[in-house]
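Participant: Please read through the structure below; I'll follow up with questions.
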Amino acid sequence: MRKYLLPMFLAAIDIISIITAAFISIYLRFDSGAIPANYLNMLVSCLPLTVLIYLICFLFFKLYGRIWRYAGTVELVAIVIACGLGSTVWYFASVGIGSVLPRLLYIMTGILLMLFIGGSRMALRMYSYVMNKPKYKELQRKKNKVLIIGAGDAGALLLNEIEHYHVANRQVVGFIDDDKTKIGKSLQGVKILGNRNDIIKVVKIEDIDEIIIAMPSVKGEEIKSIINICKQTDCRLTIVPGLYEILEGSISINQLRPVDVEDLLGRDPVKLDTTAVKEYLSGKIVLITGAGGSIGSEIVRQVAKMQPAKLLLLGKGENSIYEITQEMKIEYPQLKTVPIIADVRDKERINAIMDYFKPQVVFHAAAHKHVPLMEYQPAEAVRNNILGTKVVADEAAAHNVETFVMISTDKAVNPTSVMGCTKRVAEMYVQSMNKNSNTRFVAVRFGNVLGSRGSVIPLFKKQIAKGGPVTVTHADMKRYFMTIPEAGQLVLQAGAMAKGGEVFVLDMGEPVRIYDLAKDLITLSGLIPDKDIEIKITGLRPGEKLFEELLSAEDGTEKTTHRKIFTAKIKEIDKTELDKQIAEIVEITDGDKVVAALQKIVPTYTPNRENI
């Protein structure tokens, strides 16, 4: 019953407003005060019909089903249209029953009603604001002074959220915006104090405690530039998520997140050609090896969006496969997902799996990827990365899989590590398979993935949490980085573009200096590098090199239809010779001999094993 009280109260107010507006209108129409008796009698007799018409229009535009404490432009437009429509219908109804009043009266009644109805709803919103406003004692508490970067829609919504629900502990002091026409003006009573070049000055003058970046639609490079300026202050720094992360028109303090390393990369969101991707994945049976790993699990998530007929999640570790399977059951309960515990080196097992499930697309992400670790067990790296790839590729061809996509790495280019070299051999084998089967075989090569297991970011965060030191192997070391979702999406896109035999290279942007990355992470944690947290140089580890490459000197690239994906021009491989070399190397168990055999297969491999 309680939920009907407010609508009933508003309806009563509206009935009084309709009657009042009608009588005021007829009085204003005949400003002498001498209202003709026939018009007055006519108005009184048709009032019940008039009230009914307006109430029906108000109901149609849901004026009794809206939450008025959040009223904005949409609600105002609804009131205007409802009142205008009510006046129009009233006029034609009067014509129909032969009881027509002066036309101006209908117009004036509609205008007055807009004011009355709008005023009553505004009063309701003000009442709600006053009742929810913090008490005097709460207002006396020290508040965080907030500077919002971006005086657009997101900034306005954020200001509204803070003033309504967080006024007890936050106070918006001003806005920053690069639009020259906005500077000096006010947005909802809060002044726009300058552009990005004024941030540091404004922070000092206004004693700002927190900066919120409210620019969800701005490109990555712009955000990176603004963050770098904000980092020069001691303010807490948060950011409104990108448009793809929030519901349209809904921005809340709870959605703010700390600025992270991903924001500092300045990378624009990947735009998928979803039509092409869906064409080769929708309704298909898709097998993903290494499905429990960082990249494999992200490929699972991305493929699941494309509505495959069935997802086969293959991995060696039962815990990781269990976790991604449970995630799929929650996120995509209608999707058939099959967890498979298997070793990609087990030819009979992989053959049995493909015999039974008949996958049409295979994403091969299973691999040993830790560079220093693989230097200590070259034979295991060969068996997993080369033999494992060979087994899955051979069985894919034998079972007429449509598309086979292998996940490779920038460490395969001019390798200095066992891991990188084994991935290069795997690339070569996949490339050589294309001419000998109906399956489209491709490899996708990219750099380090932020947040993936064993990557530098989680390590740095753990070291910072423990109070340091943060360990960097070399002050000048640089790496290419991309986010996990970006990597997953581009792998899917490359599969859609595959004709067969390509090695796709993903655009990784500019390489990032690891030392700078460590400093940024310490700063974003609210600490000072080399004061609160020490950065310690430890020296290059086995297999590492200072700079990674996406192409070797003799390679070139060709553009594709996607601006972030290129095709490497790589020489054709003699499959017969490669088969012989792989057969020999998988039988070797001595580490040094494995390394020597790898050098014969990949002449550009320069081992870095001084500390082994």
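Participant: Please compute the alpha carbon radius of gyration of region 34-103, then divide it by the globular-protein estimate 2.2 N^0.38 Å. Two decimals is fine. Provide the component values of the computation, followed by the final result.
Facilitator: Numbers: Rg = 14.7 Å, N = 70, 2.2 N^0.38 = 11.1 Å.
The value comes to 1.33.
Participant: For the pair Ala34 and Asp355, what calculated FRET efficiency results from E = 1/(1 + (r/R0)^6), where r is the Cβ-Cβ distance and R0 = 60 Å, to the nearest 0.05? Present the calculation step by step, with values, prior to reporting the outcome.
Facilitator: Numbers: r = 99 Å, r/R0 = 1.65.
E between Asp355 and Ala34, to the nearest 0.05, is 0.05.
Participant: Could you work out how far apart the two model spin labels at Asp234 and Ala583 are, taking each label as a point 7 Å from the Cα in the direction of the beta carbon, and quote it in nm?
Facilitator: Distance between label points: 7.1 nm.
Participant: I want the local charge near Glu534. Using Cβ-Cβ distances under 12 Å, sum +1 for each Lys or Arg and -1 for each Asp or Glu among the other residues.
Facilitator: Numbers: positive: Lys466, Lys519, Lys531, Lys536; negative: Asp530, Asp532.
That sum, taken over residues with Cβ under 12 Å, equals +2.
Participant: Another one. Compute the FRET efficiency between Arg609 and Ser282 as 1/(1 + (r/R0)^6), taking r as their Cβ-Cβ distance and R0 = 56 Å, and round to the nearest 0.05. Mind showing how you got there, number by number?
Facilitator: Working: r = 47 Å, r/R0 = 0.83.
Working from the Cβ atoms, E equals 0.75.
Participant: Also: Give me, ordered by chain and number, the residues 5 or more places off Lys536 or on other chains with an amide H under 5 Å from its own placed amide H.
Facilitator: Val470, Thr471, Val472
Participant: If you plug each phi of region 183-194 into the Karplus form 6.51 cos²θ - 1.76 cosθ + 1.60 with θ = phi - 60°, what whole-Hz ³J(HN,Hα) values come out, in order, with x for Gly and Pro?
Facilitator: My calculation for region 183-194 gives 4, x, 8, 10, 10, 6, x, 10, 7, 8, 8, x Hz in order.
Participant: Quick check: pseudo-label points 7 Å beyond the Cα along Cα→Cβ at Thr275 and Asn160, how many nm apart are they?
Facilitator: Using points 7 Å along Cα→Cβ, the separation is 3.6 nm.
Participant: Oh, and also: Output the peptides 429-440, 485-496 sorted from most to least packed, where packing is the average of other Cβ atoms within 10 Å over each peptide's residues. Write down the numbers at each step before the final one.
Facilitator: Values: 429-440: 19.6, 485-496: 24.3.
Sorting 429-440, 485-496 by mean packing, highest first, produces 485-496, 429-440.
Participant: Moving on to the next point. Which entries of Lys462/Lys600; Lys369/Lys571; Lys231/Lys316 have Cα-Cα distances beyond 32 Å here? Walk me through the numbers before you get to the answer.
Facilitator: Working: Lys462/Lys600 40 Å; Lys369/Lys571 25 Å; Lys231/Lys316 43 Å.
Exceeds cut-off: Lys462/Lys600; Lys231/Lys316.
Participant: Between Val89 and Lys180, what is the FRET efficiency for a Förster distance of 60 Å, r being their Cβ-Cβ separation, to the nearest 0.05? Intermediate results must be reported in sequence, preceding the final value.
Facilitator: Working: r = 48 Å, r/R0 = 0.79.
Between Val89 and Lys180 the formula returns 0.80.
Participant: Then there is this: Show me the ranking of peptides 47-59, 576-588, 410-422, 384-396 by mean Cβ neighbours inside 10 Å, starting with the highest.
Facilitator: Numbers: 47-59: 17.8, 576-588: 14.8, 410-422: 27.1, 384-396: 23.9.
Descending packing order for the listed peptides: 410-422, 384-396, 47-59, 576-588.
Participant: How much of the calculated P(r) for region 365-430 lies past 14 Å, in percent of all Cα pairs? Please report the intermediate quantities before stating the final value.
Facilitator: Numbers: 1120 of 2145 pairs.
Counting every Cα pair in region 365-430, those more than 14 Å apart make up 52 percent.
Participant: Please give the contour-minus-distance gain from Glu327 to Arg196: 0.36 nm per residue of separation, less the Cα-Cα distance, rounded to one decimal in nm.
Facilitator: Details: separation 131, 0.36 × 131 = 47.16 nm, distance 4.13 nm.
Answer, rounded to one decimal: 43.0 nm.
Participant: Alpha carbon centre of region 290-320 versus region 459-484: separation in Å?
Facilitator: 28
Participant: Fully extended, how many nm does the chain gain between Ile97 and Gln188 (0.36 nm per residue separation, minus their Cα-Cα distance)? Please report the intermediate quantities before stating the final value.
Facilitator: On the way: separation 91, 0.36 × 91 = 32.76 nm, distance 4.83 nm.
Taking 0.36 nm per residue and subtracting the Cα distance, the gain is 27.9 nm.
Participant: Shifting gears a bit: What is the extension gain from Met126 to Gln377, computed as 0.36 nm multiplied by their sequence separation minus the C-alpha to C-alpha distance, in nm to one decimal? Provide the component values of the computation, followed by the final result.
Facilitator: Values: separation 251, 0.36 × 251 = 90.36 nm, distance 7.07 nm.
Net length gain for the segment: 83.3 nm.
Participant: Another question about this same structure. I want the local charge near Val491. Using Cβ-Cβ distances under 11 Å, sum +1 for each Lys or Arg and -1 for each Asp or Glu among the other residues.
Facilitator: That works out to -1.
Participant: Would you please put 287-297, 183-193 in order of how densely packed they are, using the mean number of other Cβ atoms within 10 angstrom per residue and starting with the highest? If you can, show how the numbers build up before the last one.
Facilitator: Numbers: 287-297: 26.1, 183-193: 14.8.
Top to bottom by mean Cβ count within 10 Å: 287-297, 183-193.
Values in this text are rule-based calculations from the coordinates and carry no lab data. All figures in this text were calculated on a predicted structure; none of them were measured in a lab. Counting neighbours? That spans all protein chains shown, and the Cβs are built from the backbone with ideal geometry, glycine included.
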